[in-house]
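Below is one structure, written out as structure tokens; comments come after it.
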Amino acid sequence: MEPEFRSGHVALVGRPNVGKSTLLNSLLGQKLSIVTPRAQTTRHRILGILTEPALQVVFLDTPGVIRPRSGLQQSMMRQVSMAVSEADLLLFMADARADRPDALSLERVHGLPAILVLNKVDLIRQDKVLPLAEAYLQLRAFEAVVPVSALKGQHLDALMQELRERLPVGQPLYPEDMLSEHPERFFVSEIIREKLFDRLRQEVPYAVAVNVRRYEENPGRKDLIHADIVVDRPSQKGIIIGARGRTLKAVGSAAREDIEVFLGRGVYLKLFVQVRPDWRNQEGLLRTYGY
């Protein structure tokens, strides 16, 4: 007999920098969420769709759980709450190198069915995994515990088997060839922001928003994209532009290359830097920039 088709929403939840976006990209086999070594890179709920012959998983990558200190961070935590409320199952992710459970993130998933995913096991001795897993299990029940390395792809088959067994029986939620519901201009802005995180230091990248102001598709020719890089202070504008415009040029060049790979076509990318004081606490600007 053919297996019953299963489908559902699976939210990835955990502290910043535990590898949620890396896991999403590894499971999808394509880079959908931006990834940097910096904490709090993800600001949105990123939807990625994985379809197999008898399974469709709608993954919801989320910002790392923190105690919010700005309007932007409050918006990020609302994205976490929204994803948790939509999910049929949670992947509660933790860094396997931690010496204690992540109590702050556990508050977000109280009473909801979850799989404990201990990531980065390639970086520690295997006998260190069990004590952390037992510490989590003393705080709440989990459907399963799966140690993985999202970066190296270790034990992802075991994680996918848990999803095949635990998601509800149901019809596909999206067309089988669909990867995400976000528009292309959203991913363009995320790619630009990733390149800013790669090149900027200290607090500057956290003060940056990217707003795609103009997006023109030109069949048979290169697409035209104009994007604003928004910062809090004039000094940050100078840092992003760099001496003789070198930093901005480097960001634009790296972003254009990745955008062309993502879209599968050529683009003209023009970047502008704007100063909007305290934009992270202005509700109107937060809405304008997609938060």
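Where a number appears in this text, it was derived from the coordinates with a stated rule and is not lab data. Everything numeric here is computed off the predicted structure, so don't read it as measured data. No Cβ is skipped: glycine too gets one built from the backbone with ideal geometry, and neighbour counts run over all protein chains shown.
In region 165-178, which residues are surrounded by fewer than 16 Cβ atoms within 10 Å (Cβ to Cβ) and assigned to a loop (DSSP other than H, G, I, E, B)?
We begin by selecting, within region 165-178, every residue surrounded by fewer than 16 Cβ atoms within 10 Å (Cβ to Cβ); these are 165, 168-178.
Those that are surrounded by fewer than 16 Cβ atoms within 10 Å (Cβ to Cβ) and assigned to a loop (DSSP other than H, G, I, E, B): P168, G170, Q171, P172, L173, Y174, P175, E176, D177, M178.
Answer yes if at least one residue in region 179-195 is on the phi > 0 side of the Ramachandran plot and either buried (at least 16 other Cβ atoms within 10 Å of the Cβ) or not hydrophobic (A, V, I, L, M, F, W, C) (or both), and no otherwise. Working first, answer last.
At the first step, the residues of region 179-195 found to be on the phi > 0 side of the Ramachandran plot are none.
There is no residue in region 179-195 that is on the phi > 0 side of the Ramachandran plot and either buried (at least 16 other Cβ atoms within 10 Å of the Cβ) or not hydrophobic (A, V, I, L, M, F, W, C) (or both).
The set of residues from region 34-43 being touching a residue at least 40 places away in the same chain (Cβ under 8 Å) and under 11 Å from the mean Cα position of the chain (by Cα) comprises I34, V35, T36, Q40, T41, R43.
Having 3 or more residues that are more than 23 Å from the chain's Cα centre (by Cα) is the bar; report the helices (runs of 4 or more DSSP H) wholly within region 200-291 that clear it. Give the steps one after another, and end with the answer.
Values: elements: 234-241, 246-263, 283-288.
Filter on region 200-291 gives 234-241, 246-263.
If the condition is being in contact with a strand residue (DSSP E or B) (Cβ under 9 Å, 6 or more places away or on another chain), assigned to a loop (DSSP other than H, G, I, E, B) and without any contact (Cβ under 8 Å) to a residue 60 or more places away in the chain, then region 5-32 contributes only G29.
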